[in-house]
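S.K.: The structure is given below, and queries will be raised subsequently.
The values are calculated or read from the model by the stated rules, or taken from the named source; none is laboratory data. All figures in this text were calculated on a predicted structure; none of them were measured in a lab. Quick reminder, even Gly has a Cβ in these numbers, built from the backbone with ideal geometry, and neighbours come from all protein chains shown. Heavy atoms of the whole protein, side chains included, go into the accessibility calculation; ligands, DNA and RNA do not. Shrake-Rupley method; radii C 1.70, N 1.55, O 1.52, S 1.80 Å.
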Amino acid sequence: MRSTTPVVLFTAAVLAAGSLTGCGSGSGADRNTVKVAFIKDTNNRVKVRDDYVALVARQFEKANPGKKVKLIPVQASENDYYTKIQQMMRSPKTAPDLVYEDTFLISSDIRAGLLRPLDPYLKSWDDWRQFEPSAKAAARGQDGRTYGVPDGTDTRGLWFNRTVFAKAGLPADWHPRTWDEVLDAARTVKRKVPGVIPLNVFTGKGAGEAAVMQGFEMLLYGTGPDQLYDPTAKKWVTGTRGFKDSLRFLDTVYREKLGPEVSDALSPNIQTNVAAELLPEQKLAIDLDGSWLGQQWQKTGGAPWPQWARTLGQAPFPTQAGAPPGRVSLAGGWTWSIPARAPQPALGWKLIETFQSKANAREWCTRGAQLAVRKDVAADPRYLTSVPGIGFFTQLVAVSRYRPALPEYRQVAAAIGEATEAVTAGDATPEQAAARYDDTVRSLTGGAVVAKP
Amino acid sequence: MTRRLLRWSPLAPATVLLVLFLAGPVGYCGYLAVTDTQLTGQESASFVGLANFRHALADPEFRNAVLLTLVFTVVSALLGQNTLGLALAGLLRRASRPVRTVTGAVVITAWVLPEIVAGFLLYTFFERRGTLNAVLAWLHLPTQDWLFTLPILAVSFANVWRGTAFSMLVYSAALAEIPQEVTESAEVDGAGGLRRLWHITLPMIRRSIGTNLMLNTLQTLSVFGLIWALTRGGPGNRSQTLPVFMYDQAFVKSLIGYGTAVALLLLVVGALFSAVYLRLLREEV
């Protein structure tokens, strides 16, 4: 036995050393290879992004003889993907040259110093003028510099069922101008078409960020400017009338039973239920939801429903009292960014240019059911006819607002989710929930807030 | 001295691995708990001492979570899994072979199912249009939305459903150990069923009861997936036990430092329970 001890010890030491150092034999800087990290869907059958990235990589290699693109697909849920690339970006040994970032969370990486400002490259890139101003702002840091090139976006609006509307005597070209008109239409449906849920607005913690963005913020952003964050004061905003009014709207919807059963609305499965059951089974008249909904009902989607293009209409969501511009939408999306520690930033930029050439941008928008952020793609007839309704949602890009791209946003969003849940469940009045939100925001920003009654 | 060292040396690799992979993370946890580390969006974390713990103890949501954790543990582990497991084990001893096989298979299936799968199954059971309400309606009994009106009881019952098999197995083994003669002589002396249970069976399996209670409790304290799938701690925070609260703070709100502090407090709760059980175990020997 004793004679084997050294062997065992040695093996253990090697194992330990290997796992401690993350088995990192630095692949070093191969000057002809550009590394791209991107998210791979957890569902192995979904290959839309993988295929598109590979296509662009082949194009790049052809156009730049001698250069190689190394793809690093990270198969993970969005949260895990984020953690993973943050770890990769920390060290020059593992940092990719190009990384796919969600605009919702990019600010954290900017604050942590993981990304490289792209302004020097953007200055000499003609195509940048084609990008919608709101999309350009999506990846702008608090220092005013830009850290990513967006490759698409999404918008939000009202989907309504024309068949149900006909039964209720409501117009087929419905176009509400105020919150009250939306509620009135819902009340009419409730009166005249029993058995149909009049209006769905996502709420509570179960639906997660969907409730915060598609639900609450669609309301809040229609109550006046800077209701969430004041960019001039650089502070989060508390105590607004708009915040309470938005909660009151939710309260009205669920108290008057215009929405789904409260327990269903707060269930974690509400998003799937709406898209896969309530809408296709004609059990829901109006849904405040995202531009991507149609994907689900295509032949290749999760719940094929060929008639949807004729049955469902779309209307922009109005501002509270019809104040200009009269329509509200929020936008999300992803960007291509270059890590601060990327070994080959120049090659990374070249690859971004390839990704965001007009032809490739159009290819991605039609393949990935994304809304175009380039004006020339948005006007392209081939793009506009790729999915029904895409024209309508693309129009909204111009009025769309992005969420405050700030590191605290996630926690603020969580506090909003809690406020909507408390109101919807009947645990608090809108005033109480708003007061609790104010307290939370004050504590998580260390008191750096402005009150705007 | 050298001899002694050499004798210990075969244990060295195991010790090294234990220190690396067990003590290491625990120590790291302790370190995180005294900092204000966040998941993202922070240039550097700083040392905050016991601020996270003070914050937790003053946080009404944390106290709510502790209370719900106690309810969940007492109802599902102590009352539910434990008693039901004992009852099943006792009944199955008398049951015919086919009954025993079928019941055992069903109960154990619930146990071997992954937590998240069990969660989704039970969701379809408790849901407003789910099986439970369908059965109640068929019996002309009033139905209600269990996950909404009684969320903490619903998740407790879910945990009973899932965890009873473990107690059943422990008690089956314990009951099999009781010598037949003891029971028989008690019967001859005219002791009824209840009496035999109280004066013979329970005292003889006391050790197993203690062990089972301890394991059940520790397992139940850390239940996360089941509650997450059923209610996500909601509605409001009416089923937010400590593990769910901890996840919410650490990963939804990015407050890793605070989340780890809560995790350590959960460890304290577990340790308190264990201390009580160990005490009970020692007394009866």
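S.K.: Specify which residue in the list A:S267, B:A33, A:F355 is farthest towards the positive end of the charge dipole of the protein assembly as shown, using unit charges on the beta carbon of Lys, Arg (+1) and Asp, Glu (-1), about the Cα centre.
M.R.: A:F355
S.K.: At a threshold of 8 angstrom on Cα-Cα distance, excluding pairs fewer than six apart, so keeping six or more, what relative contact order does chain A reach in percent?
M.R.: Details: 777 pairs, mean separation 115.1, N = 453.
Worked out over chain A, it gives 25 percent.
S.K.: Would you please classify the overall shape of segment A:224-267 from the alpha carbon gyration tensor, given that a ≥ b ≥ c denote the square roots of the eigenvalues, rounded means a/c under 1.5, and beyond that prolate means a/b larger than b/c while oblate covers the rest?
M.R.: Note, shape of segment A:224-267 comes out prolate.
S.K.: Rounded to the nearest 10 Å², what accessible area does A:E363 show when all protein chains are kept and the probe is 1.4 Å?
M.R.: Probe radius 1.4 Å; accessible area of A:E363 about 70 Å².
S.K.: Here is a follow-up. Got a sec? What order do A:L114, B:L150, B:L213 fall in by accessible area at 1.4 Å, biggest, i.e. largest, first?
M.R.: Result of the area sort, largest leading: B:L150, B:L213, A:L114.
S.K.: With the cut-off at 20 Å, report for segment B:2-119 the share of all Cα pairs above it, as a whole percent.
M.R.: Cα-Cα pairs of segment B:2-119 separated by over 20 Å account for 73 percent.
S.K.: Now for a different question. Give me the percent of the accessible area of the protein assembly as shown that comes from carbon and sulfur atoms, probe 1.4 Å, all protein chains in place.
M.R.: Ligands and nucleic acids excluded, carbon and sulfur reach 60 percent.
S.K.: Moving on to the next point. If I require 20 Å or longer along the helix axis, counting alpha carbons, and a Kyte-Doolittle average no lower than 0.0, what helices from chain B are left? Use full DSSP H segments.
M.R.: On the way: long enough: B:97-112 (22 Å, 0.94); B:151-177 (39 Å, 1.04); B:206-221 (22 Å, -0.08); B:256-284 (43 Å, 1.39).
Helices meeting the span and hydropathy rule in chain B are B:97-112, B:151-177, B:256-284.
S.K.: When chain B is treated as a GNM, springs tying every alpha-carbon pair under 10 Å, which of B:A12, B:A118, B:A77 comes out with the largest mean-square fluctuation?
M.R.: So, out of B:A12, B:A118, B:A77, the one fluctuating most is B:A12.
S.K.: Something else now. Could you tell me how many degrees, from 0 to 90 and to the nearest 10, lie between the Cα long axis of helix A:345-355 and the main elongation axis, the longest principal axis, of the Cα atoms of chain A?
M.R.: 40
S.K.: Label segment B:71-225 by shape, choosing from rounded, prolate and oblate, from the square roots a ≥ b ≥ c of the eigenvalues of the Cα gyration tensor; if a/c is under 1.5 it is rounded, and otherwise prolate applies when a/b is larger than b/c, oblate when it is not.
M.R.: Since a/c reaches 1.5 and a/b is larger than b/c, the shape of segment B:71-225 is classed as prolate.
S.K.: Which ³J(HN,Hα) values in Hz, rounded to whole numbers, follow from the phi angles of segment A:48-64 under the Karplus curve 6.51 cos²θ - 1.76 cosθ + 1.60, where θ = phi - 60° and Gly and Pro get x?
M.R.: Working through the residues one at a time gives 4, 6, 4, 4, 5, 4, 4, 4, 5, 4, 4, 4, 5, 5, 5, 6, 10 Hz.
S.K.: I'd like the accessible area for A:T238, computed on protein heavy atoms only with a 1.4 Å probe and all protein chains in place. Round to 10 Å², please.
M.R.: Using a 1.4 Å probe on the heavy atoms, I get roughly 10 Å².
S.K.: Within 10 Å of each Cβ in peptide B:248-260, how many partner chain Cβ atoms are there on average? Round it to a whole number, please.
M.R.: Partner-chain Cβ atoms within 10 Å, mean over residues of B:248-260: 3.
S.K.: On to the next question. Charges only on Cβ, +1 for Lys and Arg, -1 for Asp and Glu: so what's the dipole of segment A:201-244 about the Cα centre, in debye to the nearest 20?
M.R.: So the magnitude is around 160 debye.
S.K.: What does the helix-only formula give at 222 nm for chain A: each DSSP H stretch with n ≥ 4 adding -39500 (n - 2.57), the total divided by the residues, and the result rounded to the nearest 500 deg cm²/dmol?
M.R.: Result for chain A: -11000 deg cm²/dmol, rounded to the nearest 500.
S.K.: For A:D184, what accessible surface area do you get with a 1.4 Å probe? Give it in Å², rounded to 10.
M.R.: Number for this one is 80 Å².
S.K.: Please report, largest first and rounded to whole Å, the three semi-axes of the ellipsoid equivalent to segment A:265-399, where each semi-axis is the square root of five times an eigenvalue of the C-alpha gyration tensor.
M.R.: 31, 19, 17
S.K.: Decide, for the protein assembly as shown, between rounded, prolate and oblate: order the square roots of the alpha carbon gyration tensor eigenvalues as a ≥ b ≥ c, take rounded if a/c falls under 1.5, and otherwise choose prolate if a/b is larger than b/c, else oblate. Before the final figure, lay out each step's value.
M.R.: Working: a/c = 1.99, a/b = 1.33, b/c = 1.50.
Since a/c reaches 1.5 but b/c is at least a/b, the shape of the protein assembly as shown is classed as oblate.
S.K.: Note down, for chain B, the three equivalent ellipsoid semi-axes (square root of 5 times each alpha carbon gyration tensor eigenvalue), biggest first, whole angstrom.
M.R.: Semi-axis lengths for chain B are 38, 31, 17 Å.
S.K.: Then there is this: With all distinct Cα pairs included, what does the Kirkwood hydrodynamic radius of segment A:203-354 come out to in Å, to one decimal, could you say?
M.R.: 18.4
S.K.: Only bridges whose two residues both fall in the protein assembly as shown count here: according to DSSP, what percent of them are antiparallel, nearest 5?
M.R.: Of the beta bridges lying entirely in the protein assembly as shown, close to 60 percent run antiparallel.
S.K.: Around A:R116, with a cut-off of 13 angstrom between Cβ atoms, what is the net charge of the other residues, counting Lys and Arg +1 and Asp and Glu -1?
M.R.: Net of charged neighbours comes to -3.
S.K.: Keeping all protein chains in place and using 1.4 angstrom, which order do A:K452, A:K70 fall into by accessible surface area, from largest down?
M.R.: Listed by decreasing accessible area, they come as A:K70, A:K452.
S.K.: Order A:Y121, A:Y100 by their accessible area, 1.4 angstrom probe, all chains in place, largest first.
M.R.: A:Y121, A:Y100
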